[in-house]
Amino acid sequence: MADHLLKNVLYSVLDLATVLDGFTAADTFKTSLDLAKQSETLGYARYWFAEHHNMAGVASSATAVLIGYIAGGTNSIRVGSGGIMLPNHAPLIVAEQFGTLASLYPNRIDLGLGRAPGTDQVTAMAIRGENFSAVHSFPRDIDKLQQFFSADNNRASVRAIPGEGLDIPIWILGSSTDSARLAAEKGLPYAFASHFAPAYFEQAISIYRNNFKPSAFLQEPYVMACVNVVAADTDAEAERLSSSVKRMFLGVITGKRELLKPAVDDINAYWDQLEKEAVEQMLYYSFIGSAETIKENLENFVAKYGVNEVMSTSHIYDHQAKLDSNKIFAGLFG
């Protein structure tokens, strides 16, 4: 039964364009394209980037530009945002950008939307300028986007050209229950950031499903869960490789963010017990191990939560090891 469930689940990639220690953002973009090409051949459904700012180790700030770069270097895989942080942008600009992308790469562009700034408050102020103190309404801005994409907007005084009349799927992203209610109310697919905010995952997807209202865009609830994945030939090697993502999250909780570090043999040399517990709590929905280990855990996850799609994010320092992990993970869905 579990095998049957897994075979009916789509699998995708979230790429934060992580910058490695000793390398540059330019290096990151090249390896991202390499990973996207491999993902396409392995049957991954989509390849998304997330908007972040003022983070030395994350190079996906110009999200729409990266989406175009990856879409231009691949042929069929869907490419999109996981997500665009809507408070940072006027809906018209987002509509024009993604309308341009969808015109260049028809039926391949996804628009995932988040309500957070994707950065600290000081940087958010720098992004928004005089609009920082303005009242932002995430639901209203989504309504505006949908209107700009609508063919019925062709007589409006403000139009998104290109963008108008194009089929650009909108996803609601969330790390709490608020976005779950909004996605349900609007009848849109829901992607949850369980890779770093596991606490509300179960409650949020329950709220979404229980309150879902069918729409012109979606007739039944659709849940995507983003999870951390580090796969290798053996459990021991996967655990070693996972020291990179654990050190990255250690930097998050201590406020000492760094470029992604190489794997180490003994992660315990880098944290105390409280820090370890905090990191492991954030990484609760992580799949680390050999194909056999991850398959068992993933089957249990899918059986328990009934997700429609699993999006993997893999902070692995060695690029070949990352490609290998991506291949192992894809093999579980065959």
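The values are calculated or read from the model by the stated rules, or taken from the named source; none is laboratory data. Keep in mind that this is a model prediction, so the values were computed, not measured. Because the Cβ atoms are built from the backbone with ideal geometry, glycine has one as well, and the counts that use them run over all protein chains shown. Please note that ligands, DNA and RNA were not included when accessible areas were found on the heavy atoms of the full protein model with its side chains. Shrake-Rupley method; radii C 1.70, N 1.55, O 1.52, S 1.80 Å.
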Among the residues of segment 133-184, write down those that are under 29 Å from Phe196 (Cα atoms) and in a loop (DSSP other than H, G, I, E, B). Ser133, Ala134, Val135, His136, Ser137, Ile168, Pro169, Ser175, Ser176
Looking at segment 27-42, I want the residues that are closer than 11 Å to Thr74 by Cβ and touching a residue at least 24 places away in the same chain (Cβ under 8 Å) and have a partner that is open to solvent by 40 Å² or more (accessible area, probe 1.4 Å) and not in a helix (DSSP H, G or I) with Cβ atoms under 7 Å, at least 6 apart or on another chain. Which pairs are those? Glu40/Asn75; Glu40/Ser76
Examine segment 290-298 for a residue that is open to solvent by 60 Å² or more (accessible area, probe 1.4 Å) and more than 16 Å from Phe333 (Cα to Cα), and state whether such a residue exists. no
Checked Asn153, Asn211 against criteria (touching a helix residue (DSSP H, G or I) at 6+ places or on another chain (Cβ under 7 Å) and surrounded by fewer than 16 Cβ atoms within 10 Å (Cβ to Cβ)); the one match is Asn211
Within segment 199-255, tally of residues that are aromatic (Phe, Trp, Tyr) and closer than 20 Å to Ala269 by Cβ: 1
Can you tell me which residues in segment 272-311 are small (Gly, Ala, Ser) and under 18 Å from Met248 (Cβ atoms)? Ala278, Ser286
Look at segment 22-46 and say how many of its residues are part of a loop (DSSP other than H, G, I, E, B) and either hydroxyl-bearing (Ser, Thr, Tyr) or open to solvent by 60 Å² or more (accessible area, probe 1.4 Å) (or both). 4
Considering only segment 221-228, I want to know if a residue exists there that is modelled with pLDDT of 95 or more and assigned to a helix (DSSP H, G or I). no
For the subset of segment 75-116 comprising residues that are on the phi < 0 side of the Ramachandran plot and among the polar types (S, T, N, Q), which member is least open to solvent (accessible area, probe 1.4 Å)? Ser81
Counting just the residues of segment 157-179 that are at pLDDT below 95 and touching a helix residue (DSSP H, G or I) at 6+ places or on another chain (Cβ under 8 Å), which one comes out surrounded by the most Cβ atoms within 10 Å (Cβ to Cβ)? Gly174
If a residue has to be closer than 22 Å to Ala321 by Cα and either open to solvent by 60 Å² or more (accessible area, probe 1.4 Å) or touching a residue at least 60 places away in the same chain (Cβ under 8 Å) (or both) to count, how many in segment 254-267 make the cut? 7
Scan segment 183-193 and tell me whether some residue there is closer than 16 Å to Asp141 by Cβ, of a type outside the set (S, T, N, Q) and open to solvent by 10 Å² or more (accessible area, probe 1.4 Å). yes
For segment 185-220, how many residues are assigned to a loop (DSSP other than H, G, I, E, B) and more than 15 Å from the chain's Cα centre (by Cα)? 11
What number of residues within segment 308-329 satisfy the criterion of being among the hydrophobic types (A, V, I, L, M, F, W, C) and open to solvent by less than 10 Å² (accessible area, probe 1.4 Å)? 4
Exception for Gly72 within (1) closer than 30 Å to Ile328 by Cβ; (2) open to solvent by 10 Å² or more (accessible area, probe 1.4 Å); (3) modelled with pLDDT of 95 or more; (4) outside any helix (DSSP H, G or I) falls at (4)
Does Leu250 qualify as being under 29 Å from Asp27 (Cα atoms) and not in a loop (DSSP other than H, G, I, E, B)? yes
